[in-house]
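The values are calculated or read from the model by the stated rules, or taken from the named source; none is laboratory data. Fair warning: this is a prediction, and the values are worked out from it, not measured in the lab. Please note: Cβ atoms are built from the backbone with ideal geometry, for glycine as well, and neighbour counts cover all protein chains shown.
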Amino acid sequence: MPPPVVDVRDLRTHIVTRWGTVKAVDGVSFALAEGETLGLVGESGSGKSMTCLSLVRLVPRPAARILGGQVMLDGDDLLARSEREMQAIRGRQIAMILQDPMSSLNPVFSIGMQMREPVALYHRLRGRALTARAAELLAAVRIPSPRERLCAFPHQLSGGMRQRVVGAMAIAAPPRLLIADEPTTSLDLTIQSQYLGLLRELQRQHRFALIFVTHNLGIVARMCDRVAVMYAGRIVEMGPVRRLFTRPAHPYTRALLDSIPRLGARRERLTAIEGQPPDLSRLPAGCAFAPRCPSVMERCRVEAPPETVVEAGHVTRCWLETPTSGGAPA
Amino acid sequence: MSALLEVEGLTKHFQVRRGLLGRATGLVRAVDSVSFTIDVGATLGVVGESGCGKTTTSKLVLGLERPTAGTIRFGGENVLTLGRTGLRRYRRAVQAVFQDPYASLDPRMRVGTIIAEPLVINERMDATARRRRVHELLDLVSLPARAADLYPHEFSGGQRQRVAIARALALSPRLVVLDEPVSALDVSIRAQILNLLRDLQARLGVSYLFIAHDLAAVAHMSHAIAVMYLGQIVERGPADAVALEPRHPYTQALFAAALPIDFDSPREEITLAGEVPSPLNPPSGCRFHPRCPHAMPRCATEEPVFRPAAGRLVACHLY
């Protein structure tokens, strides 16, 4: 197996609030190879976005702090880097595409001005060559008449076009790792479909590792090689997409898959997950999913389950899968 | 089943005004000659991308906008010619639940007051009867009676949406417009609310106009589906027919883009080129022709008629 591009080990990011400490990222580990895509799914507050921000060390300080772990990028621990060194890594080695393109683009500068900045920085280009490279990048994300678009301002473009511009900037370096945090949530369905196709094509060209954050399991099925399901700051299950979707090991993953209406499978009722998402500042002892879990046991309420290997490459955190436990559901 | 709401040729155009004098410079055909019916106790799902006129259609049905042309009949009665008392009666019978329960509930009112407000305005009820009705409604949406004394911020998104549903049901409406009722909620909560809405329909016999962009959810909830594109309905028929065997090229692309999570369902990938054109200047002929993979010369010149094909109505020259 080739060495991983990114190797995250036991990452912990906590947020201190007036109501207590929130363990937003609580011991997250995963690795990604070149050209591989990892889907990060979970509901709001499960720690998906905070994990991504921790990778580039952009957690909202001072409230949030990265307390421990390692983020290895090509064998180099980013958490040990100085802030100055991080600035050179962000954008160039790790790029990000966020949900709302309007908040990633500056409304008062033309697309050209904003495109030229990273390109000049990464490739030391100036003048005409710089403009030509910027236009090339816009063409690479299939923006029609790219040279004219360089003079346009963000508000003159549609949502899909804006997100393409953000994509063009993200691949300017090109990066080793691309983090896409809900990049298509604000786009229309048919435009979303175009954008996902584009992202896959760019990945084939540039071979970057891709972390795709979403709550849409259909997108995961189409885009990702592997998927990590997060709940209350932890990865509760991770494995190859097909395996996880057809034979989920964790009750939360199973419940999530069951609760989604599917085309064709017309049922009278959906299998709903009972209860509410957990309050992160008041997590129960033991497994965080225990209060909502249909197969909860005595032990789940006292002790947090360790990571267990279900099959090579497929891990979960659930007492049901821990070899020593067994026992009937309470 | 008998029809509750019959909409015929519904049209809404907005003038675009420019400059100090407000000269009319253009016309947005937000909704253009749309027709549909909703049966008693049934759900019509409306799908389409942003700007297709779904929300304008719902506003016209709710009486929040006056149509440029067309008729709306409710229980056989023409809504647009109703007098003051008639309109008051109509507005009681047609209620709405919106997307964002964080925006649709007043943060300074207690939940009990929020739910009771329509009763205060419309019913002559004494305080005890009102309190009893509020508790009844809370029970209907599976919230505890003590919820009445709490404020919206003390609830999660899913619970807030339950409050919004309880308020919509306070006056025992016959039609509820659901405009993206689960889009703002967490994935694990959506099924709870969709189940609740279905249970309420079975219990109360209420009809729904269900607007959403989650196609699988619409297909799950609806008896009939209408697909809109640039202000027009391009396909309308029984939910299963439209969702599983879509005929209009746009419907086909839309449902292909809905990304099923089942790996083994044989689905072709159709990716549409281009974007939705501006409704200010819609394409000639069939409005979908510039993006249509099956476009023929006549599509650019001749507007297709809505005609029956394979158990539904389609506006496309292919059929």
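Okay, here's what the table says:
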quantity	calculated
Answer from B:239, B:226, B:212 - the residue that is at pLDDT below 95, aliphatic (A, V, I, L, M) and within 13 Å of the chain's Cα centre (by Cα)	B:212
Filtered residue count, the range B:27-58, keeping only those that are on the phi > 0 side of the Ramachandran plot and buried (at least 23 other Cβ atoms within 10 Å of the Cβ)	2
Exclusive hit being more than 14 Å from every other protein chain (Cβ to nearest Cβ), surrounded by fewer than 17 Cβ atoms within 10 Å (Cβ to Cβ) and among the hydroxyl-bearing types (Ser, Thr, Tyr), set A:44, A:110	A:110
Among (1) free of Cβ contacts under 8 Å to residues at least 60 places away in the same chain; (2) more than 10 Å from every other protein chain (Cβ to nearest Cβ); (3) closer than 16 Å to residue A:261 by Cα, the one test that residue B:194 misses	(2)
Within the range B:292-316, tally of residues that are more than 19 Å from residue B:273 (Cβ to Cβ) and either of a type in the set (S, T, N, Q) or over 25 Å from the mean Cα position of the chain (by Cα) (or both)	4
Residue list for the range A:148-179, restricted to those being surrounded by fewer than 20 Cβ atoms within 10 Å (Cβ to Cβ) and part of a helix (DSSP H, G or I)	A:148, A:155, A:156, A:159
Filter result for residue B:215 (at the interface with chain A (Cβ under 8 Å from one of its Cβ atoms) and in contact with a strand residue (DSSP E or B) (Cβ under 9 Å, 6 or more places away or on another chain))	yes
Selection from the range A:1-57 of residues that are over 16 Å from the mean Cα position of the chain (by Cα) and without any contact (Cβ under 8 Å) to a residue 40 or more places away in the chain	A:1, A:2, A:18
Enumeration of residues in the range A:230-251 that are within 11 Å of chain B (Cβ to nearest Cβ) and either part of a strand (DSSP E or B) or touching a Gly at 6+ places or on another chain (Cβ under 9 Å) (or both)	A:231, A:241, A:243
Residue ranges of helices (runs of 4 or more DSSP H) in the range A:36-123 with at least 2 members within 25 Å of residue A:12 (Cβ to Cβ)	A:48-55, A:83-89
Enumeration of residues in the range B:143-166 that are surrounded by 19 or more Cβ atoms within 10 Å (Cβ to Cβ), out of contact with any strand residue (DSSP E or B) (no Cβ under 8 Å at 6 or more places or on another chain) and either assigned to a loop (DSSP other than H, G, I, E, B) or away from chain A (no Cβ under 13 Å) (or both)	B:143, B:147, B:148, B:152, B:155, B:163, B:166
Sole residue being crowded, with 19+ Cβ neighbours inside 10 Å, assigned to a strand (DSSP E or B) and not charged (D, E, K, R), chosen from B:96, B:24, B:116	B:96
Subset tally (residues that are within 15 Å of residue B:207 (Cβ to Cβ), under 14 Å from the mean Cα position of the chain (by Cα) and not in a strand (DSSP E or B)) for the range B:38-56	1
Sole residue being in contact with a His (Cβ under 9 Å, 6 or more places away or on another chain) and surrounded by fewer than 23 Cβ atoms within 10 Å (Cβ to Cβ), chosen from A:243, A:269	A:243
Selection count, the range B:249-285, where residues are more than 25 Å from the chain's Cα centre (by Cα), at the interface with chain A (Cβ under 7 Å from one of its Cβ atoms) and modelled with pLDDT of 85 or more	0
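Okay, residues lined up against (1) among the basic types (Lys, Arg); (2) in contact with a Phe, Trp or Tyr (Cβ under 9 Å, 6 or more places away or on another chain):
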{"residue": "B:102", "(1), (2)": "no, no"}
{"residue": "B:110", "(1), (2)": "yes, yes"}
{"residue": "B:129", "(1), (2)": "no, no"}
{"residue": "B:135", "(1), (2)": "no, no"}
{"residue": "B:152", "(1), (2)": "no, yes"}
{"residue": "B:165", "(1), (2)": "no, no"}
{"residue": "B:171", "(1), (2)": "no, no"}
{"residue": "B:177", "(1), (2)": "no, yes"}
{"residue": "B:185", "(1), (2)": "no, no"}
